[in-house]
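Have a look at the structure below before the remarks.
The values are calculated or read from the model by the stated rules, or taken from the named source; none is laboratory data. Given the structure is predicted, the values throughout are model-derived calculations rather than measurements. Note that each Cβ is placed from the backbone with ideal geometry, even for glycine, and that neighbours are counted across all protein chains shown.
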Amino acid sequence: MRKLKVQVHMSLDGFVAGPAGENDFIFVTGGKDPASFQKVVELAETSDTILLGRKMTGDFVKHWENVADNQPDSPEYDFAKLLVNMKKIVFSKTQKNISGRNLTVENGDLATVVKALKQQPGKDILVYGGASFVRSLIDLKVVDEYYIIRTPVAIGEGMRIFSGRTILQLQSADAYKNGKVINKYLPV
């Protein structure tokens with residue numbers, strides 16, 4: 001069975017985005033670290049499908065397609081090509097069509113669709129967000145692995161992915177020169 005893996009950036013005070021969905025806190029400290037970026041690439045390489053919530057899809061697609069199409073000298077170029085070429089499924093209750101390469105929109109019941117996807121052959125399934133979408137997956141108890149990238153910044157207020165008590169078991173913690181820590185957790 002395929003695993004559903006969630007990867008999110010999180011502030012020290014537990015927010016994955018600011019109140020209006022801002023994610024600028026991700027870039028505030030320490031700059032980019034090639035080793036932490038390589039860990040993100042390796043995680044993506046274990047997957048062949050990306051799940052996204054509707055609200056974050058436009059910016060996600062625009063950014064990565066732009067890097068893949070127009071920035072061959074970017075250190076993110078190969079990663080961008082990987083993401084652009086992966087199958088992407090966007091879950092939406094309101095939209096039937098969203099533009100993007102290798103992207104389809106799913107309007108069906110989230111739990112039913114995700115459980116069916118996990119039964120299909122292939123590599124694992126990676127979830128990048130947004131916050132309310134990830135919270136829905138957590139509440140449905142369909143997440144198999146969490147990769148929480150802790151950024152050494154407190155933002156004071158914002159969006160969370162956990163809506164109640166959630167007990168997780170730490171599997172690994174990798175600290176990087178830029179101050180970020182990537183924690184891998186499994187649900188208990």
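Return the residue satisfying two criteria in turn: it lies in segment 27-57 and is at pLDDT below 90 and hydrophobic (A, V, I, L, M, F, W, C), and of such residues it is nearest to Lys81 (Cα to Cα).
Phe27
May I ask you to list the residues in segment 40-72 that are of a type outside the set (Lys, Arg), touching a residue at least 24 places away in the same chain (Cβ under 8 Å) and assigned to a helix (DSSP H, G or I)?
Those that are of a type outside the set (Lys, Arg), touching a residue at least 24 places away in the same chain (Cβ under 8 Å) and assigned to a helix (DSSP H, G or I): Val40, Val41, Leu43, Ala44, Glu45, Met56, Thr57, Gly58, Phe60, Val61, Glu65.
Any chance segment 89-111 includes a residue that's in contact with a strand residue (DSSP E or B) (Cβ under 7 Å, 6 or more places away or on another chain), in a loop (DSSP other than H, G, I, E, B), of a type in the set (Val, Ile, Thr) and more than 20 Å from Ile50 (Cβ to Cβ)?
No: zero hits.
Contact list please: Cβ distance under 7 Å, first residue in segment 1-27 and over 15 Å from Met56 (Cβ atoms), second residue part of a loop (DSSP other than H, G, I, E, B) and polar (S, T, N, Q), pairs at least six apart or on different chains.
Listed pairs, sorted by first residue: Arg2/Gln120.
Contact list please: Cβ distance under 9 Å, first residue in segment 73-101 and more than 14 Å from Tyr128 (Cα to Cα), second residue aliphatic (A, V, I, L, M) and assigned to a strand (DSSP E or B), pairs at least six apart or on different chains.
Note: pairs meeting the criteria are Ser92/Val105; Gln95/Val105; Lys96/Val105; Asn97/Val105; Ile98/Val90; Ile98/Val105; Gly100/Val90.
Every residue in segment 143-173 that is touching a strand residue (DSSP E or B) at 6+ places or on another chain (Cβ under 7 Å), hydrophobic (A, V, I, L, M, F, W, C) and either surrounded by fewer than 19 Cβ atoms within 10 Å (Cβ to Cβ) or under 22 Å from Thr29 (Cβ atoms) (or both), please.
Ile148, Ile149, Val153, Ala154, Ile155, Met159, Ile161, Leu168, Leu170, Ala173
Given the residues Ile149, Ile161, which is the only one that is assigned to a loop (DSSP other than H, G, I, E, B) and under 16 Å from the mean Cα position of the chain (by Cα)?
Ile161
For segment 174-188, check the following and say yes or no: at least one residue is surrounded by 16 or more Cβ atoms within 10 Å (Cβ to Cβ), farther than 22 Å from Phe60 by Cα and among the acidic types (Asp, Glu).
No: segment 174-188 contains no residue that is surrounded by 16 or more Cβ atoms within 10 Å (Cβ to Cβ), farther than 22 Å from Phe60 by Cα and among the acidic types (Asp, Glu).
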